[in-house]
Amino acid sequence: LLLPWQLWPALRRRVRWHRWLGRGYAVAAVAGGVSGTAAAVGTQAGPVAGTGFGVLGVLWTVSTVAAVLAARGGDPVAHRRWAVRSFALAFAAVTLRLELPLAAIAGVGLDVAYPAVAWWCWVPNLVVAEWWWGRRTSQEFATA
């Protein structure tokens with residue numbers, strides 16, 4: 001629930017609000033990443049799904065911690081880059097809820113869809129975030 005507010009430029013300019021909401025997001029994201037990783041280890045959905053959700057949990061935790069460390073270290077570019085990655089991984093929850101019904105509509109059984117969605121709910125999000133950031137960085141260099 002805190003993530004959309006962090007993307008609002010007017011709020012980011014209010015540094016005190018951005019920091020407090022960022023702290024709240026970071027605590028929730030790290031808790032979600034760590035607990036998601038732990039849950040993935042014992043999943044009944046099989047090793048493909050478990051590995052997909054486990055990697056998601058680790059990457060979400062690492063990217064969130066890296067964003068916080070970059071902010072505390074005074075590196076706003078690295079902070080933004082890691083925060084975008086963390087947000088893309090957080091959005092996996094939404095992507096999963098879109099992909100599972102689409103798989104059902106396509107006639108793909110849950111036994112096949114779920115292990116695939118364990119990866120497809122976050123890998124494309126991260127690829128798009130990296131593409132967006134790379135494109136943005138290229139445009140900034142082109143205009144400099």
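The values are calculated or read from the model by the stated rules, or taken from the named source; none is laboratory data. What you see is a predicted model; the values in this text were computed from it and never measured. Neighbour counts are summed over all protein chains in view; Cβ atoms, including those assigned to glycine, are modelled from backbone coordinates with ideal geometry.
Numbers for the structure displayed
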| read-out | value |
| --- | --- |
| For A31: the one exception among (1) in contact with an Asp or Glu (Cβ under 9 Å, 6 or more places away or on another chain); (2) without any contact (Cβ under 8 Å) to a residue 60 or more places away in the chain | (1) |
| Total residues in the stretch 119-144, condition of a type outside the set (F, W, Y), surrounded by 14 or more Cβ atoms within 10 Å (Cβ to Cβ) and either at pLDDT 95 or above or farther than 18 Å from L59 by Cβ (or both) | 5 |
| Given (1) within 19 Å of the chain's Cα centre (by Cα); (2) buried (at least 17 other Cβ atoms within 10 Å of the Cβ), number of the condition A78 does not satisfy | (2) |
| Criterion: among the hydroxyl-bearing types (S, T, Y) and assigned to a helix (DSSP H, G or I) - qualifying residue of T43, T51 | T51 |
| Within the stretch 81-116, considering residues that are without any contact (Cβ under 8 Å) to a residue 24 or more places away in the chain, surrounded by 13 or more Cβ atoms within 10 Å (Cβ to Cβ) and within 17 Å of the chain's Cα centre (by Cα), the one farthest from W20 (Cα to Cα) | E99 |
